[in-house]
Structure formats: C-alpha cells, structure tokens
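Since the structure comes first, as structure tokens, the remarks are kept for the end.
The values are calculated or read from the model by the stated rules, or taken from the named source; none is laboratory data. Everything numeric in this text was worked out from a predicted model, so none of it was measured. Counting neighbours? That spans all protein chains shown, and the Cβs are built from the backbone with ideal geometry, glycine included.
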Amino acid sequence: MKGAQWFAFGGVGVAGTTSKEEMAFRSLLHEPNAVAKLKSLLSEANLAGQCYALLGLHVLHDQAYQENVARYKSNDARVKTVAGCMITEQPVSNVVSNIAAGHYDSMLNAPIH
C-alpha cells in the first residue's frame, strides 16, 4: 500500500473485482500491529496510500486519525480514485470528507470479488 496506484473501494472495472489495494488494506486491518503500520504509512506512503492509512485509523477508531485528519481536510493535492468503471482524480480533501462521513464503512463489510 506504500505505493498504491489509486484509492479504490468496492468493485472496480467491468467485472467489479476488488482492487489489490483494497485487498491489502483489508488484510492489514486484521494484523495485530495494524495501527502501527497505518501510522507509518501516513509518513512513508504516496498520497493514495496515505488515504488508505487515514481510513484504516478511522475504522479502527485510533487517536492518530484525529491527530492527522486536519492536515488532509485542507489538502487540495489530487489523488487518483476508482469507483466502478470511473477513474478520476479528486482533491484529498474530498476523500477525507468521505472517510469522515463513513462513506467507505459499508463497503468494508461487502464481500470481496
């Protein structure tokens, strides 16, 4: 996830398959040292990877989410996102707004395809 190609959740592409980034993210959430790894991704990963890290900290209800979210809320740098067949670039602040609103939470409970 350090070099994630994009921030993608839910089925992507014509077949609606789960992206390798989402698969890695889901796996990481179940590791015993998930929070430590997510925190290191905030400083070591590219922008898409940092978005996954922030989402993970949000989902795990870790204090590091609150400590870091403000700097992303005002970040207009663009990150490549994928939803279904749509590949776009969005400001990080939009992705963070979706994280804060719980937009991705239900997708994490969906089965992997």
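Summary of computed values
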| quantity | calculated |
| --- | --- |
| Count of region 5-40 residues which are part of a loop (DSSP other than H, G, I, E, B), free of Cβ contacts under 8 Å to residues at least 24 places away in the same chain and under 20 Å from VAL95 (Cα atoms) | 0 |
| Enumeration of residues in region 1-31 that are β-branched (Val, Ile, Thr) and surrounded by 17 or more Cβ atoms within 10 Å (Cβ to Cβ) | VAL12, THR18 |
| Which listed residue, of LEU47, LEU29, LEU54, is of a type in the set (A, V, I, L, M, F, W, C), over 11 Å from the mean Cα position of the chain (by Cα) and at negative phi | LEU29 |
| Some residue of region 43-63 being in a helix (DSSP H, G or I), closer than 15 Å to GLY10 by Cα and out of contact with any helix residue (DSSP H, G or I) (no Cβ under 6 Å at 6 or more places or on another chain) | no |
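This table checks each residue for (1) hydroxyl-bearing (Ser, Thr, Tyr); (2) modelled with pLDDT under 95; (3) under 17 Å from TRP6 (Cβ atoms).
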{"residue": "HIS58", "(1), (2), (3)": "no, no, no"}
{"residue": "ARG71", "(1), (2), (3)": "no, yes, no"}
{"residue": "SER74", "(1), (2), (3)": "yes, yes, no"}
{"residue": "ALA77", "(1), (2), (3)": "no, no, yes"}
{"residue": "THR81", "(1), (2), (3)": "yes, yes, yes"}
{"residue": "MET86", "(1), (2), (3)": "no, yes, yes"}
{"residue": "VAL92", "(1), (2), (3)": "no, no, yes"}
{"residue": "VAL96", "(1), (2), (3)": "no, no, yes"}
{"residue": "HIS103", "(1), (2), (3)": "no, yes, yes"}
